[in-house]
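Undergrad: Before I ask anything, let me first share the structure, which is written out below as structure tokens.
The values are calculated or read from the model by the stated rules, or taken from the named source; none is laboratory data. None of these values were measured; they are calculated from a predicted model. Reconstructed Cβ throughout: ideal geometry from the backbone, glycine too, with neighbour counts over all protein chains shown.
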Amino acid sequence: MSQIDFFPKCPFHSLTSLHCPGCGSQRAIHDYLNGNVVNGLKHNLLIPVVAFVLLYHLYVSLFKLINKKAPQRNLLDHPKFSLIILIIVLSFWVFRNIPVAPFHYLAP
């Protein structure tokens, strides 16, 4: 089977040989869309977190659109939420580049 390089390579990985938080996300999304959840998790474990945040944002936006008199409470607007997401992404970035078990399982 031949491999087609249609998508561009990660510039960070090309320059440093390290994995950024997004490395493997195209393969992970492809696997999720084809029903291969386990393989998707192997490529990028951060994608389910991103999907959860996006689905929650969609839910809150639709709820605001439908029910305009409801209280406008959104956890994404809390200042600590951004800090938590930043800590998760930076930790994932560091941990997936440690070449010993169990951290090497985070690399795509």
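Undergrad: Please work out which residue is modelled with the highest pLDDT, limiting yourself to the stretch 41-79 and to residues that are assigned to a helix (DSSP H, G or I) and among the charged types (D, E, K, R).
TA: This residue is Lys42.
Undergrad: May I pose another question? Tell me, yes or no, whether the stretch 70-86 has at least one residue that is under 13 Å from the mean Cα position of the chain (by Cα), within 21 Å of Phe103 (Cβ to Cβ) and surrounded by 15 or more Cβ atoms within 10 Å (Cβ to Cβ).
TA: There is no residue in the stretch 70-86 that is under 13 Å from the mean Cα position of the chain (by Cα), within 21 Å of Phe103 (Cβ to Cβ) and surrounded by 15 or more Cβ atoms within 10 Å (Cβ to Cβ).
Undergrad: If you don't mind, another one. Residue check: is Gly40 surrounded by 10 or more Cβ atoms within 10 Å (Cβ to Cβ), farther than 17 Å from Leu90 by Cα and small (Gly, Ala, Ser)?
TA: Working: surrounded by 10 or more Cβ atoms within 10 Å (Cβ to Cβ): yes; farther than 17 Å from Leu90 by Cα: yes; small (Gly, Ala, Ser): yes.
Yes, satisfied.
Undergrad: Can you tell me which residues in the stretch 10-34 are under 19 Å from Leu86 (Cβ atoms) and in contact (Cβ under 8 Å) with a residue 12 or more places away in the chain?
TA: Leu18, His19, Cys20, Pro21, Gly22, Cys23, Ser25
Undergrad: Considering only the stretch 87-96, state which residues are surrounded by 14 or more Cβ atoms within 10 Å (Cβ to Cβ) and part of a helix (DSSP H, G or I).
TA: Val89, Phe92, Trp93, Phe95
Undergrad: Determine, yes or no, whether Val38 is more than 21 Å from Lys9 (Cα to Cα), hydrophobic (A, V, I, L, M, F, W, C), in a loop (DSSP other than H, G, I, E, B) and modelled with pLDDT of 90 or more. Steps first, please.
TA: Values: more than 21 Å from Lys9 (Cα to Cα): yes; hydrophobic (A, V, I, L, M, F, W, C): yes; in a loop (DSSP other than H, G, I, E, B): no; modelled with pLDDT of 90 or more: yes.
Here the answer is no, as Val38 does not meet what is asked.
Undergrad: Among what's in the stretch 1-14 and is in a loop (DSSP other than H, G, I, E, B) and among the hydrophobic types (A, V, I, L, M, F, W, C), pick the residue that is modelled with the lowest pLDDT.
TA: Restricting attention to the stretch 1-14, the residues satisfying the condition of being in a loop (DSSP other than H, G, I, E, B) are 1-10.
Filter once more, keeping what is among the hydrophobic types (A, V, I, L, M, F, W, C): 1, 4, 6-7, 10.
Numbers: Met1: 45, Ile4: 58, Phe6: 68, Phe7: 69, Cys10: 84.
Looking at the filtered set, the residue picked out is Met1.
Undergrad: Looking only at residues in the stretch 15-35 that are part of a helix (DSSP H, G or I) and under 16 Å from Arg96 (Cα atoms), which one is modelled with the highest pLDDT? Break it down stepwise before answering.
TA: Start the filter on the stretch 15-35 by keeping residues that are part of a helix (DSSP H, G or I), which leaves 15-16, 25-33.
Among the residues that remain, those that are also under 16 Å from Arg96 (Cα atoms) are: 16, 25, 28.
Numbers: Thr16: 93, Ser25: 89, Ala28: 90.
The residue in question is Thr16.
Undergrad: Next question. Residue pairs, Cβ under 8 Å, 6 or more apart or interchain, first in the stretch 83-108 and more than 16 Å from Val53 (Cβ to Cβ) and touching a residue at least 24 places away in the same chain (Cβ under 8 Å), second assigned to a loop (DSSP other than H, G, I, E, B) and of a type in the set (A, V, I, L, M). List them.
TA: Hits for this filter: Arg96/Ala107; Asn97/Leu18; Asn97/Ala107; Leu106/Leu45.
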